[in-house]
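Taking it in order: structure first as structure tokens, then the write-up.
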Amino acid sequence: MHEKNIKTSGKEISEAKKALVMIHGRGGNAEDILSLRDHLNVKNYALFAPQATGNTWYPYSFLAKREQNEPGLSSALQMLKELLQEIESKGFSSENIYFLGFSQGACLTLEFVTLNAKRYGGVVAFTGGLIGDRIYNDKYNGDFGGTPIFIGTGNPDPHVPVERVEKSAGILEEMNASVTVKVYDNRPHTISMEEIEIANELIFK
């Protein structure tokens with residue numbers, strides 16, 4: 001189970017008009033993911049980065065059966081739900097709330113927003129897909145209302161198969177998201193400057 005630990009940066013929430021939730025990957029931490037602020041067009045955003053207890057959101061691959069990744073997965077999803085509610089309670093509409101994640105954090109990001117689909121400001125998943133041993137379509141409903149979503153990934157990637165990325169994108173599109181997928185051949189498991197530039201162009205305008 002995850003203890004609530006949210007790191008913040010950027011604009012004070014009382015001064016910001018937009019909020020960005022940034023979710024680190026396995027073995028990473030909140031400060032790591034917050035450092036992307038220096039490369040993203042988010043200087044006027046309030047930034048929130050949850051810290052995973054033990055630096056991992058769930059123990060096994062995102063392709064494992066869901067029960068194998070419990071209770072960590074459900075605890076992480078609940079933490080994000082409570083954080084979203086807190087941000088909304090400060091007067092932010094969902095259209096002004098954004099999500100970004102890398103690797104395990106990208107998978108968690110996509111899973112959370114798809115389970116809680118509505119019109120968000122935008123979503124960035126640097127190497128990620130929906131979670132589970134397969135995609136269970138009946139888990140997901142709701143309408144993204146045209147939310148722009150960018151997914152970048154390498155091919156091959158040691159953790160995230162392109163097939164899962166593409167199937168995840170299909171689900172998001174069926175739920176009325178505006179999805180852009182960019183696949184980079186033989187790219188290491190990292191975030192490229194081109195991906196950051198695309199995120200700035202499509203999401204953080």
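The values are calculated or read from the model by the stated rules, or taken from the named source; none is laboratory data. Computed from a predicted structure; not experimentally measured. Heads up, the Cβs are rebuilt from the backbone with ideal geometry, glycines too, and the neighbour counts pull from every protein chain shown. Ligands, DNA and RNA are excluded from the accessible area calculation, which covers all protein heavy atoms including side chains. Shrake-Rupley method; radii C 1.70, N 1.55, O 1.52, S 1.80 Å.
Some points to look at:
- Over the range 150-205, accessible surface divided per residue gives 51 Å², non-protein components excluded, 1.4 Å probe.
- Net length available on complete extension from Lys118 to Gln78 is 12.7 nm, with 0.36 nm assigned per residue and the Cα-Cα distance removed.
- Computed P(r) (all Cα pairs; the range 83-129; 5 Å bins; percent): 6, 22, 29, 24, 13, 4, 0
- Note on the chain: GNM, Cα springs under 10 Å; of Ile151, Ile171, Ile23, the largest mean-square fluctuation is that of Ile171.
- For the set Lys17/Lys90; Lys11/Lys205; Lys4/Lys43; Lys18/Lys118; Lys18/Lys81; Lys81/Lys167, the pairs lying more than 22 angstrom apart at their alpha carbons are Lys4/Lys43; Lys81/Lys167.
- Note that the range 5-57, at 4 °C in a medium of 1.567 mPa s, gets a Stokes-Einstein diffusion coefficient of 116 µm²/s from its Kirkwood radius over C-alpha pairs.
- Shape of the range 1-110, Cα gyration tensor, a/c cut at 1.5: prolate
- Carbon and sulfur %, accessible surface of the chain computed with the full protein complex present, 1.4 Å: 45 percent
- Using a probe of 1.4 angstrom and keeping all protein chains present, the accessible surface of the range 1-88 works out to 51 square angstrom per residue.
- Anisotropy class of the range 98-205 from Cα gyration tensor, a/c 1.5 cut: oblate
- When only the Cβ of Lys, Arg, Asp and Glu is charged (+1, +1, -1, -1), the dipole of the chain relative to its Cα centre reaches about 280 debye.
- Taken over the C-alpha atoms, the chain has Rg and Dmax values of 15.3, 43 angstrom.
- In sequence order, calculated HN-Hα J values of the range 3-14 (Karplus, 6.51, -1.76, 1.60; Hz; x Gly/Pro): 7, 5, 8, 10, 8, 10, 7, x, 5, 4, 4, 6
- For the chain, the membrane-span-like helices by this rule, meaning whole DSSP H stretches whose C-alpha atoms cover at least 20 Å of axis and whose Kyte-Doolittle mean is 0.0 or above, are 72-89; this says nothing about an actual membrane.
- The range 1-94: GluC sites (Glu not before Pro) falling in loop per DSSP and having at most 12 other Cβ within 10 Å: Glu3, Glu12, Glu15
- Candidates Thr153, Thr109, Thr190, ranked by Gaussian network fluctuation over the chain, Cα under 10 Å, top entry: Thr190
- Gaussian network model of the chain, springs between alpha carbon atoms under 10 Å - residue of Lys17, Lys139, Lys81 with greatest fluctuation: Lys139
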